[in-house]
Amino acid sequence: MGRLAQTDGLTEIQRDILATVREFVDKEILPVATELEHRDEYPTAIVEGMKELGLFGLTIPEEYGGLGESLLTYALVVEEIARGWMSVSGIVNTHFIVAHMINAHGTQEQKDYFLPKMAAGEIRGAFSMSEPALGSDVAAISTKGVKDGEHYVLNGQKMWLTNGGSSTLVAVLCKTDEGGSTPYKNMTTFLVEKTAGFGPNPTVPGLTVPGKIEKMGYKGVDTTELVLQDVRIPADRILGGVPGKGFYQMMDGVEVGRVNVAARGCGVARRAFELGISYAQQRTTFGKKIAEHQAIQFKLAEMATKVEAAHQMMVMAARKKDSGQRNDLEAGMAKYLASEYCKEVVEDAFRIHGGYGFSKEYEIERLYREAPMLLIGEGTAEIQKMIVGRRLLEEYKIAQ
């Protein structure tokens, strides 16, 4: 393993889980990741293996059939999975966010119905907040839910759904305009069940998943749009049973999602470092291994320091959330630092590979295309800096 990215204070159960996942990554993911990624093929066998390991229920409470583990355990598992192939971590991420939202904000009936099936991987979740005409300005959403008796009628277009096609449950944020004093109190999260697949949904009239969005990287996992045209959803499928709380529920999901993205950045950066330091000890130039050149040693030292710093920041953010404290400051810092450092470590490993890094035969080429997604997922660097800056001003406000 090496000494980088170690986590102090883990329980024996946590260490056993991580050891099992690490073995699964080394045997089942790394040998096939690049081939599947180049074909943009959904990793069905890998997903089935994760279901057998119980990873879809990792954080779901034991009373609902899950393992009841912490956000820290989940983040460390994601780090290991992303080290193998970042797209696989995306498959569990949105599922995890939706399960977290249901467990934290759902009615008892919603928990009883959804969580056992989610823990078993029978229901797989997707998270739908973004739209084609908005990025980070969530208040500008136009997808609307209008009350009609015991139902709501949903109309609009959502964008950037990870697992949009393969999921069977989507948490959809809509504008409901039911009397809130601000735009943020006029949003509602609906739990929309559907069948997996693309095109018009056979079980939900008016709901369409047009197809996969072609991407530079982050392949294998399906990223889609979601079109809703007069989709009727029962009022009891409002998350928590009360309209107007959707924005705050979604932000809670995004907060844990930022820890997840930080963990992905840590995993990809660690793999890039492993590839870089290995190649540096194999490649010979000017009569010696390039690892013996001072310039390469400097680069390796910088890469390792960034891997370690990002990991420790991610662990701190996860532990803060697990303690029940507000962690938007730490989650923003962790997401910002880990994604930026991931990009830099991957690029340095790419440079160490020289011309071979540009070849699809080498794994670093895949990582080089995957890292940019982390710079924008769950909020750009600029958004993270705004969050961190505002929180710092709250913390360090001077008396007037």
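Students often check this: by mean Cβ neighbours within 10 Å, which of 232-242, 121-131 ranks highest, and how do the rest follow?
121-131, 232-242
Amide H neighbours of L207 under 5 Å, at least 5 residues apart or on other chains, H built in the peptide plane: list them.
Residues meeting the amide H criterion: N201, Q229.
Using the basic label-point model (7 angstrom from Cα toward the beta carbon), what is the A399 to F298 distance in nanometres?
Placing both labels 7 Å along Cα→Cβ, they lie 5.0 nm apart.
From the Cα gyration tensor of the range 265-312, with a ≥ b ≥ c the square roots of its eigenvalues, which class applies: rounded if a/c is under 1.5, or else prolate if a/b is larger than b/c, or else oblate?
On the way: a/c = 4.80, a/b = 2.09, b/c = 2.29.
Oblate is the answer for the range 265-312, as a/c is 1.5 or above yet b/c matches or exceeds a/b.
Lys pairs in the range 303-400, Cα-Cα under 21 Å, at least 8 apart or on separate chains: how many?
So the count of such lysine pairs works out to 12.
Quick one: with all protein chains in place, what share of the accessible area of the range 26-93 is carbon or sulfur, to the nearest percent (1.4 Å probe)? Don't skip to the answer; put the middle values down first.
On the way: 1090 of 2350 Å².
Taking all protein chains in place, the range 26-93 shows 46 percent carbon and sulfur surface.
Y184: net charge of surrounding residues, Cβ under 14 Å, Lys/Arg +1, Asp/Glu -1, itself excluded? Walk me through the numbers on the way to the answer.
Details: positive: K175, K185, K245; negative: D137, D177, E178, D252.
Local charge sum for Y184: -1.
Sequence gap at least 6, Cα distance under 8 Å: using those rules, report the relative contact order of the range 271-391 to the nearest whole percent. Please report the intermediate quantities before stating the final value.
Details: 118 pairs, mean separation 34.4, N = 121.
Relative contact order of the range 271-391: 28 percent.
For T107, list long-range residues whose amide hydrogen, built 1.01 Å from N in the peptide plane, is under 5 Å from its own amide hydrogen.
Long-range HN contacts for T107: G240, G241.
M251 accessible area, nearest 10 Å², 1.4 Å probe?
Looks like 60 Å² after rounding.
If each DSSP helix of 4+ residues adds -39,500 (n - 2.57) and the sum is divided by the residues in the chain, what number results at 222 nm, nearest 500 deg cm²/dmol?
Values: 11 runs with 198 residues, N = 400.
One gets -17000 deg cm²/dmol as the mean residue ellipticity at 222 nm.
Accessible area, 1.4 Å probe, largest first: how do W160, W85 sort? Don't jump to the answer; show the numbers that get you there.
Working: W160 135, W85 0 Å².
From most exposed to least exposed: W160, W85.
To the nearest 10 square angstrom, how much accessible area does F350 have with a 1.4 angstrom probe?
40
For E79, what charge total do you get from the other residues with a beta carbon under 12 Å from its beta carbon, if Lys and Arg give +1 and Asp and Glu give -1?
Numbers: positive: R22, R83, R264, R270, R271; negative: E80.
Taking every Cβ under 12 Å from that of E79, the sum is +4.
Over the chain, calculate the relative contact order: mean separation of alpha carbon pairs under 8 Å at least 6 apart, over the residue count, as a percent.
Details: 746 pairs, mean separation 64.9, N = 400.
Once divided by the residue count of the chain, the mean separation gives 16 percent.
Pop a pseudo-label 7 angstrom from the Cα along the beta-carbon direction at both E214 and S359 and give the gap in nm to one decimal.
Going from the E214 label point to the S359 one covers 2.7 nm.
Based on the alpha-carbon gyration tensor of the range 1-103 and its eigenvalue square roots a ≥ b ≥ c, which shape applies: rounded if a/c is under 1.5, prolate if not and a/b is larger than b/c, or oblate? Working shown, then result.
Values: a/c = 1.95, a/b = 1.20, b/c = 1.62.
In terms of gyration-tensor shape, oblate.
Tell me, how many Å apart are the Cα centres for the range 318-351 and for the range 226-287?
A separation of 11 Å, based on Cα centres.
At 1.4 Å probe radius, can you tell me the per residue accessible area of the chain in Å²?
Numbers: 17420 Å² over 400 residues.
Here the residues of the chain average 44 Å² of exposed surface.
Step through the residues of the range 220-233 one at a time and calculate ³J(HN,Hα) from phi using the Karplus curve (6.51 cos²θ - 1.76 cosθ + 1.60, θ = phi - 60°), rounding each to whole Hz and writing x for Gly and Pro.
x, 6, 8, 10, 9, 9, 9, 10, 10, 10, 6, 7, 9, 10
Within 10 Å, count the other beta carbons around each residue, average over each peptide in 326-334, 380-388, and list them highest first. Provide the component values of the computation, followed by the final result.
Working: 326-334: 23.0, 380-388: 16.4.
Peptide ranking by packing, descending: 326-334, 380-388.
Of the accessible area of the range 142-287, with the probe set at 1.4 angstrom, what percent is carbon plus sulfur?
Values: 3140 of 5690 Å².
Using a 1.4 Å probe with all protein chains present, the range 142-287 comes out at 55 percent carbon and sulfur.
Express in whole angstrom the spacing between the alpha-carbon centres of the range 133-169 and the range 4-51.
If you average the Cα positions of each part, the centres end up 32 Å apart.
Whenever you get a sec, compute what percent of the accessible area on the range 298-400 sits on carbon and sulfur atoms (1.4 Å probe).
That share works out to 58 percent.
The values are calculated or read from the model by the stated rules, or taken from the named source; none is laboratory data. Since we're looking at a predicted model, the values are computed, not measured. Counting neighbours? That spans all protein chains shown, and the Cβs are built from the backbone with ideal geometry, glycine included. To get the accessible areas, we keep the full protein, side chains included, count just its heavy atoms, and leave off ligands, DNA and RNA. Shrake-Rupley method; radii C 1.70, N 1.55, O 1.52, S 1.80 Å.
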